[in-house]
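Engineer: Dropping a structure here in structure tokens format, bear with me for questions.
The values are calculated or read from the model by the stated rules, or taken from the named source; none is laboratory data. The shown structure was predicted, so the numbers you read here are calculated from the model rather than taken from an experiment. In this analysis, Cβ positions are derived from the backbone assuming ideal geometry, glycine residues included, and neighbour counts consider all displayed protein chains. Calculation scope for accessible area: heavy atoms of the full protein, side chains included, ligands and nucleic acids excluded. Shrake-Rupley method; radii C 1.70, N 1.55, O 1.52, S 1.80 Å.
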Amino acid sequence: MEPNDQPEKPLISSKVDAFFLSIYDVFRFIIRFFREVLRPPLEVQEFIRQCFMVGYKSLALISLTGFITGLVFTKQSRPSLAEFGATSWLPSLISIAVIRALAPLVTALICAGKVGSSIGAELASMKVTEQIDAMEVSAINPFKYLVVTRILACTVCLPLLMSYTAVVGMMGSYLDIHLNEQTSFIAFLNKAFANISFLDLASSFIKSVCFGFTIGVVSCYQGFNASQGTTGVGKAANVSVVISMFLIFIEEVLIVQIVNSIR
């Protein structure tokens, strides 16, 4: 072996170097997304199809989870408030909890598990079967067609799904409160939104946009860069869910900290 053919010595260690290289690749992936999203042509039909897959296909699971979340949270909160004779504060408590935290977080976690794994597995299977390479040969930009449309669909649909989750969760809460206190729907709404500010709504919207973008980027990156044959398909789906949820929790803490500093 010639001296120039010897493998390069790692700067820190092979694992640490690989970690920082992966971070660098992710940033290049994100920069490429912003460059491609503004460049024509726009894949409108594929974007609409992905919105259908991300949004409409998730409604059943979102409806069930959101309704049960509001119902169960109300049941669990009633005994604590009843000790102080403050059950009348239940609508306000539930609305604050649902709109500020539960709706964005529950929606993001459900979509990370359902949508993120689906996108990761779909793109990974296309990668390992060389369908993406075939698209490049056919003069189709696979990054724009496959990645940009999916990231945009996740970013656009998550705020809509979050709003729907909040409404369904409040309906579950109202059902429990109405059955126990016979509170009318109008009185429930007046109490529920008495302490909700514009900052609460804006922070939830910003959270859902960040969560959707994170899910789209992570799942598309894992699927678009998959390898190792069929094993890479399962790995891409699994890693997409795990990393998306981890980043969602980090973003939740950071955004809450920023919002609390503004209040």
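Engineer: Condition (residue is open to solvent by less than 30 Å² (accessible area, probe 1.4 Å) and under 30 Å from Leu152 (Cβ atoms)) applied to the range 128-135: is it met by at least one residue?
Structural biologist: Within the range 128-135, one or more residues are open to solvent by less than 30 Å² (accessible area, probe 1.4 Å) and under 30 Å from Leu152 (Cβ atoms).
Engineer: Still on this structure, I have one more. Specify which of the listed residues (Ile140, Ile186) is outside any helix (DSSP H, G or I) and either surrounded by fewer than 16 Cβ atoms within 10 Å (Cβ to Cβ) or touching a Pro at 6+ places or on another chain (Cβ under 6 Å) (or both).
Structural biologist: Just a single option satisfies the conditions, and that option is Ile140.
Engineer: With (1) open to solvent by 20 Å² or more (accessible area, probe 1.4 Å); (2) assigned to a helix (DSSP H, G or I) as the list, and Asn195 as the residue in question, which single condition is left unmet?
Structural biologist: (2)
Engineer: Could you list, in sequence order, the residues of the range 67-106 that are surrounded by 20 or more Cβ atoms within 10 Å (Cβ to Cβ) and outside any helix (DSSP H, G or I)?
Structural biologist: None; the set is empty.
Engineer: Moving to a separate point now. So, Ile250, is that one open to solvent by 20 Å² or more (accessible area, probe 1.4 Å), without any contact (Cβ under 8 Å) to a residue 24 or more places away in the chain and in a helix (DSSP H, G or I) or not?
Structural biologist: It is true that Ile250 is open to solvent by 20 Å² or more (accessible area, probe 1.4 Å), without any contact (Cβ under 8 Å) to a residue 24 or more places away in the chain and in a helix (DSSP H, G or I).
Engineer: Can you find, within the range 143-181, the residue that is nearest to Ser92 (Cα to Cα) among those that are polar (S, T, N, Q) and open to solvent by less than 10 Å² (accessible area, probe 1.4 Å)?
Structural biologist: Here the answer is Ser173.
Engineer: Working only within the range 34-66, note down all residues that are under 12 Å from Leu152 (Cβ atoms), outside any helix (DSSP H, G or I) and open to solvent by 100 Å² or more (accessible area, probe 1.4 Å).
Structural biologist: Leu38, Leu42
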